[in-house]
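Everything on this sheet refers to the single structure shown next.
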Amino acid sequence: MELENMKFDLGFAREMDEKDPIRSFRKRFAFPKINGKEFLYFTGNSLGLKPIDADNAIKTELDDWANWGVEGHFRAKNPWFNYHEMFTKNLASLVGANSHEVVAMNGLTANLHLLFASFYRPNVKRYKIICEKKAFPSDQYMLESQVIHHGLDPEKCIIEVGPREGEHLIRHEDIYNAIIDNSDELALVFIGGINYYSGQLFDMKTITEHAHKAGALAGFDLAHAFGNVELSLHDWKVDFAAWCSYKYLNSGPGSIAGIYIHEKHGLNPETPRLSGWWGYDKDKRFLMDSGFHPMPGAEGWQLSNAPILAMAVHKVALDIHCEAGMKRLRAKSVMLTAYLEFIIEEISNSHPNVSFEVISPKDKDQRGAQLSLLVHGRGKELFNALTKEGAIVDWREPNVIRLAPVPLYNSFSDLVEFGQLLNKIIS
Ligand SMILES: *Cc1c(COP(=O)(O)O)cnc(C)c1O
């Protein structure tokens, strides 16, 4: 499948859809409807769609709870005691890690705090964190409160690298230079693998190399990268990472998140951490002894017994994602995003009164399944009209519309229909 001689018309898009090897996955998701017609859905980067099989998966666990009560921990169809082990293979493959380097637990921001408890341990010499400017708000609050928690001053400890004056993207060289300039005091580089606002995908491998060269650690928030782009965290030598599962992974609102910890930290029982009983060596957990003996690897960071109902949906979503396969998803994603960009340009060119500036990177290797459009003109009105007419897109102040063409369930035809709607509204 290749995108040659692109045309902004339904015939072309339908041909592309017919050649799409993963087109059938669309049927496995529930699309929201307006007046009986399916919405054009482009906010899978905020909340992915519901897998149809989620109902049965939750029902299974409810039935096992009804049938077994507490015995379900060991006698349920999928015993709850080690339920999370069903995710290991898929999680490891999606982030490019060894199986003992990943685990599903908690929510994203909670996990970031736990990872910082282990990997941000400022001392007199090393206390600075380099992060991206305009990080997702929760990450900003997390960073600031971590610094304050250690009795330090965020102004002195947090170094933000942002786009240069008049630009929308962060230049990698500016990140590398910030690392070099602060290398003596640097504790940690912590960046979103893909920036939620611009859709910029960072070179995590090279950033990690620079961080290590400066004697610091490197961690990433993969909320927008997980299930969106191919990752090789272990080979890139990334120290730690965390993600949520309700964006590209479709595991449901607020569903279970996940972490990665490189084995050089995770397999070391001395690595400091905030602990709970679910991270305790599972063969001895129910001896209920004092003195903490962690599970080896990321599992040793678990705190609580697992939220099985949320995890039931996570299981369905992970299985679907891995059945489609990250390679095929990414290949389609690159084309969908390029096609959307082409359609937006066509529309921009034919309407001199409104213009859309794509602030996401032009280079496919520096973006995932997202285009952020800076609207010059009446952006909020346009957004409201789109929603009313059946397209769900995302609005960010002051004037940005974010669109995520998700390869698992969006089609090339969706993009043409969206373009036609956009055309109609601005004409
Ligand atoms: C979506 C997102 C979050 C959300 O955090 P939760 O703890 O899951 O509510 C945090 N950080 C980034 C970068 C995100 O994109």
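The values are calculated or read from the model by the stated rules, or taken from the named source; none is laboratory data. Keep in mind that this is a model prediction, so the values were computed, not measured. Methodologically, a virtual Cβ is constructed for each residue, glycine included, from the backbone with ideal geometry; neighbour enumeration extends over all protein chains shown.
Counting the residues of segment 243-267 that are over 18 Å from GLY48 (Cα atoms) and either within 16 Å of the ligand (Cβ to nearest atom) or not in a loop (DSSP other than H, G, I, E, B) (or both) gives 7. Against the definition (out of contact with any helix residue (DSSP H, G or I) (no Cβ under 9 Å at 6 or more places or on another chain) and among the hydrophobic types (A, V, I, L, M, F, W, C)), how does PHE412 come out, yes or no? In short, no.
With respect to ASN228, is the statement that it is touching a Lys or Arg at 6+ places or on another chain (Cβ under 9 Å), among the polar types (S, T, N, Q) and within 16 Å of the ligand (Cβ to nearest atom) true? When the stated conditions are applied, ASN228 passes them. Only one of the listed residues (ALA92, ALA110, ALA76, ALA30) is in the same structural domain as LEU231 (by TED's automatic domain parsing) and farther than 30 Å from PRO272 by Cβ. That residue is ALA76. Cβ-Cβ distances below 9 Å connect the following pairs, each with a first residue in segment 212-237 that is surrounded by fewer than 22 Cβ atoms within 10 Å (Cβ to Cβ), a second residue that is β-branched (Val, Ile, Thr) and part of a loop (DSSP other than H, G, I, E, B), and a separation of six or more residues or different chains: SER232/VAL238.
Regarding ASP63, is this residue closer than 30 Å to ILE392 by Cβ, without any contact (Cβ under 8 Å) to a residue 12 or more places away in the chain and of a type in the set (Asp, Glu)? Spelling it out, it is not the case that ASP63 is closer than 30 Å to ILE392 by Cβ, without any contact (Cβ under 8 Å) to a residue 12 or more places away in the chain and of a type in the set (Asp, Glu).
What about ILE180, is it free of Cβ contacts under 8 Å to residues at least 12 places away in the same chain, of a type in the set (A, V, I, L, M, F, W, C) and more than 15 Å from the ligand (Cβ to nearest atom)? No, not satisfied.
The set of residues in segment 99-127 that are within 14 Å of the ligand (Cβ to nearest atom) and touching a helix residue (DSSP H, G or I) at 6+ places or on another chain (Cβ under 9 Å) comprises ALA104, MET105, ASN106, LEU108, THR109, ASN111, LEU112, HIS113, LEU114, LEU115, PHE116.
Against the definition (part of a loop (DSSP other than H, G, I, E, B) and of a type in the set (A, V, I, L, M)), how does LEU62 come out, yes or no? No; evaluated as a whole, the condition is false for this residue. When the residues of segment 284-315 are filtered to those that are aliphatic (A, V, I, L, M) and either part of a helix (DSSP H, G or I) or not assigned by TED's automatic domain parsing to the domain that holds ALA66 (or both), the one that is nearest to ILE52 (Cα to Cα) is VAL313. Note on segment 128-152: residues that are away from the ligand (no atom under 16 Å from the Cβ) and either outside the structural domain of GLN200 (by TED's automatic domain parsing) or touching an Asp or Glu at 6+ places or on another chain (Cβ under 6 Å) (or both) amount to 1.
Scanning segment 271-297 for residues that are at pLDDT below 95 and exposed (fewer than 13 other Cβ atoms within 10 Å of the Cβ) yields ASP283, LYS284, PHE286, LEU287, MET288, ASP289, SER290, GLY291. If I ask for residues that are within 21 Å of the chain's Cα centre (by Cα), assigned to a strand (DSSP E or B) and either within 18 Å of GLN420 (Cβ to Cβ) or hydroxyl-bearing (Ser, Thr, Tyr) (or both), which ones from segment 384-398 would you list? Within segment 384-398, just ILE392 meets the criteria.
Which condition number in (1) assigned to a loop (DSSP other than H, G, I, E, B); (2) more than 17 Å from the chain's Cα centre (by Cα) is the one that ASN228 fails? With respect to (1) assigned to a loop (DSSP other than H, G, I, E, B); (2) more than 17 Å from the chain's Cα centre (by Cα), ASN228 is out only on (2).
Does THR43 fit the bill of being surrounded by 16 or more Cβ atoms within 10 Å (Cβ to Cβ), without any contact (Cβ under 8 Å) to a residue 40 or more places away in the chain, hydroxyl-bearing (Ser, Thr, Tyr) and within 16 Å of the ligand (Cβ to nearest atom)? Answer is no for this residue.
Name the helices (runs of 4 or more DSSP H) wholly inside segment 98-199 in which the number of residues that are crowded, with 16+ Cβ neighbours inside 10 Å is 3 or more. Write out each step before concluding.
Working: elements: 108-119, 137-149, 154-157, 172-181.
Answer list for segment 98-199: 108-119, 137-149, 172-181.
Somewhere in segment 81-90, is a residue surrounded by 16 or more Cβ atoms within 10 Å (Cβ to Cβ), within 16 Å of the ligand (Cβ to nearest atom) and of a type in the set (Val, Ile, Thr)? Scanning segment 81-90 turns up no residue that is surrounded by 16 or more Cβ atoms within 10 Å (Cβ to Cβ), within 16 Å of the ligand (Cβ to nearest atom) and of a type in the set (Val, Ile, Thr).
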